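Working notes, beginning with the structure itself.
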Amino acid sequence: DQKIVFPNLGITLKLLSVKGNLARIGIEAPSDMPVMREELVDDSATSLAPYVSRELRHEVRNSLNTIRLAVELFQRQVEAGLTDKAQSTFLKLVQQLGILDRQFGGAATPVASATEPTSRSRVLVVDDDVNERELLAGILELSGWDVATAGDGHEAIEYLTSHERPDYVLLDMRMPRCDGPQTVQLIRGNPDLADLTVFAVSGSDRVEVGVEGGTRGIDRWFSKPLNPASLIQEMNRLPA
């Protein structure tokens, strides 16, 4: 067994075995830290303590999102027989748990397969965090989507004005150069892009961001850590 210990979190992660399209991951955690299957966890289970600073809360949500995406992608890659890629994803998972472990070195401890689209639909993922961006893109690609990525709002607008329109834009809110709210304004202010379906995917609180909803703003808000199955289900449900 490969075993990695995260002392500040009190968590031990073990890659027990990978055989064909079956992988076993073991998690040892303190008795007061529940470890549950994703479908059994409601939003309140991953809420952070109110006394944790706003900045740390945002950083931790991003870390949790990366971990959640890595687990989802790892599972899908193993099921698809992509062993080498699955091993690479597992290393990213370990790396992100290390980051989260360091974040909690001085903080209080908080702690479904989607149907493929009927046709090969297109989505643009916009996030300045490379790990989160690549992991989410990998999950979407394995779910049958054509995926393009951008590192911030400027790159997103450049892509949108020079390529075929995607069916969806998945937009992080806090990014350098051109953030989420600015990008939404640029999209809605362009007659050729104004009716694009834009989903916010953010570790920030919606009230703090202050972005509008509806036709002048975002169509849906998804909080980090993201549930990829719920996102994909919603993308398959709505007409693009």
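Quick notes on this one:
- Taking the fewest neighbouring Cβ atoms within 10 Å as the starting point, the ordered list for GLU132, GLU234 is GLU234, GLU132.
- Summary of the geometry: the stretch 203-240 and the stretch 118-166, compared by the centres of their Cα atoms, lie 15 Å apart.
- Spin-label model distance (nm) - ASP192 vs SER230, 7 Å beyond Cα toward Cβ: 3.6
A short reminder: the numbers here are calculations on the coordinates, not readings from a lab. Just so it is clear, the structure is predicted and the values come from calculations on it, not from any experiment. Counting neighbours? That spans all protein chains shown, and the Cβs are built from the backbone with ideal geometry, glycine included.
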